[in-house]
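Each remark here refers to the structure printed beneath this line.
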């Protein structure tokens, strides 16, 4: 818990994207930073079986560090985290590779606890188009089927690494609001991974969520980006699509060796080197910005947003309140959402 | 051997596509029809592991029926088949699913004996676009890498189920001639699966091969198609792209239950019914044309081509001579093709 913001005085802190080299140190930093819930990546290019192995590894961490973290499955687990002083870990995939070519695996991975799935990483997938392809034909035949199935079971469509047309079609085709868990607006920093005004507006109008990234390749001035520049950008985005659709998705890749960024970029799809967002001169992980080095720095962002002119309630919404509301309507099966139930989500926060 | 055409008097008979419900009966019919080599499908939607299981099943057949068939790996195996009175079985995939998302599996599947791989079945794949998608963005980033790797190891690019732009880009991008193992020209029967004049011309000009299909959905008048209509179409195609690029790829799906055509069409990509080339009124396998019911009917095609005005040498080229020449330059690694070797392909036919 951040001493500057006692629990009773603030809403939840939720980070919609991290991929650390997980350790007790990081989990203790989550607690020190008062982070109630984190959406973690458990698959970049993994097959179903490899993803299951990653879940097995997480189960060991949950067992070993049960006083710090637990497997978050429902929105109500954010309340449980706050009540028990732990961090709820929500699973997601940056690629649909865990469902392979099998629509039946959508329900299976949801049962295993997955709550977010990107329809593409940087390349074309069986479902849609990634942001590094030259052409973007939109959702494929299988993509439309899989989005419907994700809607049915409660697996959130995440288009963080997708290209524009595919993202717009996912927003249109999906019966439930979608997410872009980690990216920034291209009006601020025109990286291929960042999002156009058109995408941002369509996302907001459809009730979707946008998570701001602190990954240097997504930041203006990269590692040298200032907190003020970042928070001013949040304010401009709020002006564009409304503050209710904004949250954080830091893309914090803490303590990872550079071999991990190679795996992210190259996977198994090429025998050549692909630098992705990097370059030959800067092939590895970039240095984080000084104001966001690890989970203990969320208070810096909170202060920066206040300094940028946001009110207390607005800051709380961006720091986690908006994500919590999104979790409440996104993770359960569509049928359950239509019915009055005594499901755990009815627990008071 | 067909008694009407003694071995000494004719060239090889090669069928570049069959997917039968394999049995001793079918293998005996291959021998009765004088068929020296058949490219058989061993994967529609199978993963790598499932494809390996299919190879295991073939290995059992090779062991059990070694007097009728054997695993063909090189062009020289067509000569071996003729010398030993057997049929050489060459493996291929109708989908890149056996290499999953892993370019390293291209060399592995070639080592295991695969010689043809379609870059797509009917839908978008990780590599290119299938003929039933609405949009066709061409080869993907991974697709370009995989085509180069297929060129290197000697795995033939097959675009039978792909859409036009993807096919044209594969022809352009591939350093070795490609194949369309089983389809017909759309000028004759405008099915989505049949090929435009533009594709046919580009294929011929690049040294590629086109295999004519006898699958009723690819035929004018479908199951009622006449042999004369079929052979006249072959003649028109020869006028368009030259006879050197033409062969047979019957797409004979003998003795298969309708559950198999469901698997071909639906795989694991949808929870709905997809009728593919069929329809609600005709969901199953269509009846074969009367003049091509099984492997014993190749003599009918031979006679039909003669009746359509082709000379003996031309008929021999279409019945297998052209495919044999293509095999000779396609199945070995690119490096081996550049060097003078005492490789089995130097055996006299």
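Numbers below:
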| read-out | value |
| --- | --- |
| Among A:86, A:28, A:268, residue whose mean-square fluctuation peaks in a GNM of chain A (springs only between Cα atoms under 10 Å) | A:268 |
| Nm distances between copies for residue B:275, ranked from closest, using label points 7 Å along Cα→Cβ | 5.3 |
| Span per principal axis, largest first, for the Cα atoms of chain A (Å) | 50, 48, 40 |
| Chain lengthening between residue B:172 and residue B:259 when straightened (0.36 nm per residue, less Cα-Cα) | 27.6 nm |
| Volume in Å³ per residue [convex hull over Cα atoms, computed for the protein assembly as shown] | 161 Å³ |
| Label geometry 7 Å along the beta-carbon vector: residue A:337 inter-copy distances in nm | 5.3 |
| Hydrodynamic radius by Kirkwood, which averages 1/r over all alpha carbon pairs of region B:235-287, in angstrom | 13.7 Å |
| Protection-proxy order for peptides B:157-166, A:246-255, B:313-322, each taking the mean of Cβ atoms within 10 Å per residue, highest first | B:157-166, A:246-255, B:313-322 |
| For region B:153-309, average projected area of the Cα convex hull in nm² | 10.2 nm² |
| Candidates B:199, B:38, B:146, ranked by Gaussian network fluctuation over chain B, Cα under 10 Å, top entry | B:199 |
| Cβ-Cβ FRET estimate between residue B:67 and residue B:134, R0 fixed at 41 Å, reported to 0.05 | 0.25 |
| Residue and distance (whole Å) for the chain A Cβ nearest the axis that superposes A on B | A:137, 2 |
| GNM result for chain B, Cα springs below 10 Å: residue of B:75, B:57, B:299 fluctuating most strongly | B:57 |
| Pairwise centroid distance, computed over Cα atoms, of region A:228-300 with region A:69-140, Å | 18 Å |
| For residue A:257, label point 7 Å along C-beta direction: distances to other copies, nm | 5.1 |
| Neighbour-count order for B:65, B:93, B:187, fewest beta carbons within 10 angstrom listed first | B:187, B:65, B:93 |
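Each reported figure results from applying straightforward, stated rules to the coordinates on display, with no laboratory input. Nothing here was measured: the structure is a model prediction, and the numbers come from that model. Virtual Cβ from ideal backbone geometry, glycine too; neighbours counted across all protein chains shown.
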